[in-house]
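Enquirer: One structure is given below, represented as structure tokens, and several questions about it will come after.
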Amino acid sequence: MTLSTAESVDSEQRILLRIGAVCAIAGPLVLGASFAPHGDLPTREESLVGEAVALRFIADHQTWLLIHLGTIVAGLIWLGAFVALANTLMPGAARAVGRFLIPSAIVGSLFVVFDYGVDGYALKILANEWATATGPEQEALQRMAETGIWFLNGTFHSEIVVFYGLTMLLAGLAVALDTRYPRWFAVAGAIAGALVLTNGLLAFAGIGLAPAGGTDLFLFVMVLPLESLWLMVLGRLMWRNAKRRAAQPPVE
């Protein structure tokens, strides 16, 4: 490799590290800002009238569309962080794991876009029409909503398994194999991803470790904030690595 080529590669790596760092820090912040005003969507287990309460909640929610758009944007920013990370890993085992990280992150982000796109836009339009309808028309719209909500349960659990589970697990493993990052930090990320992945797979298998709503509680209250914090710390470490590369001469 000539000196000019080495300098070009080094410059590209520094840019990718900085892009990844910004995405890793901005993604969780956008996600947190989107989730904060969401509120708790009533479930069948919490109400004898089932989807009617959920539809009323959505119809009356003034920022429902904006919240879900923000969640989609956050998912795409997380994707940017994972792609940048995978392309800046050290050659060898770390980069090999990174090759699996990218497709996992892409598939996971597709579930995020689809899930929150349907939940945020289609369900909101349906809820608004339900709120103004009466009689048989309203009953028909409510049955449509019931079908849609059960359908979204499947995409939501797929999102959990692939994006917040498998992708985080692979990211933690890849970072653990890159000697520029603290091993304990990387293992913590891998464990968080493994816990979410296990929880999601058990939900698919019909094995409930918690009462109704337990999966949501486990993910959004317990693990997702930790994963978000982990990603933000990773962003800080990626930015520091970019500064270190800038201070070192490129290797021919």
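The values are calculated or read from the model by the stated rules, or taken from the named source; none is laboratory data. Note that this is a predicted model, so its numbers are computed, not measured. Glycine gets a Cβ as well: all are built from the backbone with ideal geometry, and neighbour counts include every protein chain shown. Areas reflect the complete protein model, heavy atoms only, side chains present, ligands, DNA and RNA absent. Shrake-Rupley method; radii C 1.70, N 1.55, O 1.52, S 1.80 Å.
Enquirer: Would you be able to tell me the number of residues in segment 87-112 that are touching a Gly at 6+ places or on another chain (Cβ under 8 Å) and either surrounded by fewer than 17 Cβ atoms within 10 Å (Cβ to Cβ) or under 25 Å from ALA242 (Cα atoms) (or both)?
Expert: Residues flagged as touching a Gly at 6+ places or on another chain (Cβ under 8 Å) and either surrounded by fewer than 17 Cβ atoms within 10 Å (Cβ to Cβ) or under 25 Å from ALA242 (Cα atoms) (or both) within segment 87-112 amount to 3.
Enquirer: Hey, among ALA203, ALA131, ALA127, ALA145, which residue is in contact (Cβ under 8 Å) with a residue 12 or more places away in the chain, more than 30 Å from LEU17 (Cα to Cα), among the small types (Gly, Ala, Ser) and in contact with a Ser or Thr (Cβ under 7 Å, 6 or more places away or on another chain)? Steps first, please.
Expert: Working: ALA131 fails: in contact with a Ser or Thr (Cβ under 7 Å, 6 or more places away or on another chain); ALA127 fails: in contact with a Ser or Thr (Cβ under 7 Å, 6 or more places away or on another chain); ALA145 fails: in contact with a Ser or Thr (Cβ under 7 Å, 6 or more places away or on another chain).
Result of the check over ALA203, ALA131, ALA127, ALA145: ALA203.
Enquirer: If you don't mind, another one. Say whether the condition of being within 29 Å of GLY117 (Cβ to Cβ), at pLDDT below 80 and open to solvent by 20 Å² or more (accessible area, probe 1.4 Å) is met by at least one residue in segment 221-239.
Expert: yes
Enquirer: Let me ask something else about it. Give segment 129-140 a look and list any residue that's under 23 Å from ILE67 (Cα atoms) and open to solvent by less than 60 Å² (accessible area, probe 1.4 Å), or say none.
Expert: Result: TRP130, ALA131.
Each row is one residue, and each column tells you yes or no for (1) over 15 Å from the mean Cα position of the chain (by Cα); (2) open to solvent by less than 30 Å² (accessible area, probe 1.4 Å); (3) over 30 Å from HIS61 (Cβ atoms); (4) among the β-branched types (Val, Ile, Thr).
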site	(1), (2), (3), (4)
LEU85	yes, yes, yes, no
GLY120	yes, yes, no, no
GLY148	yes, yes, no, no
THR155	no, yes, no, yes
GLY165	no, yes, no, no
ALA176	yes, yes, yes, no
ARG183	yes, no, yes, no
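Enquirer: If you don't mind, another one. Return yes when THR198 is touching a helix residue (DSSP H, G or I) at 6+ places or on another chain (Cβ under 8 Å), crowded, with 21+ Cβ neighbours inside 10 Å, part of a helix (DSSP H, G or I) and at pLDDT 85 or above and no when it is not. Write out each step before concluding.
Expert: On the way: touching a helix residue (DSSP H, G or I) at 6+ places or on another chain (Cβ under 8 Å): yes; crowded, with 21+ Cβ neighbours inside 10 Å: no; part of a helix (DSSP H, G or I): yes; at pLDDT 85 or above: yes.
Against the criterion (touching a helix residue (DSSP H, G or I) at 6+ places or on another chain (Cβ under 8 Å), crowded, with 21+ Cβ neighbours inside 10 Å, part of a helix (DSSP H, G or I) and at pLDDT 85 or above), THR198 does not qualify.
Enquirer: Select, from ALA210, ALA246, the only residue that is assigned to a helix (DSSP H, G or I) and modelled with pLDDT under 65.
Expert: ALA246
Enquirer: Continuing with this model, one more query. Output the helices (runs of 4 or more DSSP H) that fall wholly within segment 79-190 and possess 1 or more residues being closer than 22 Å to VAL233 by Cβ, or say none.
Expert: The helices (runs of 4 or more DSSP H) meeting that bar are 93-117, 168-176.
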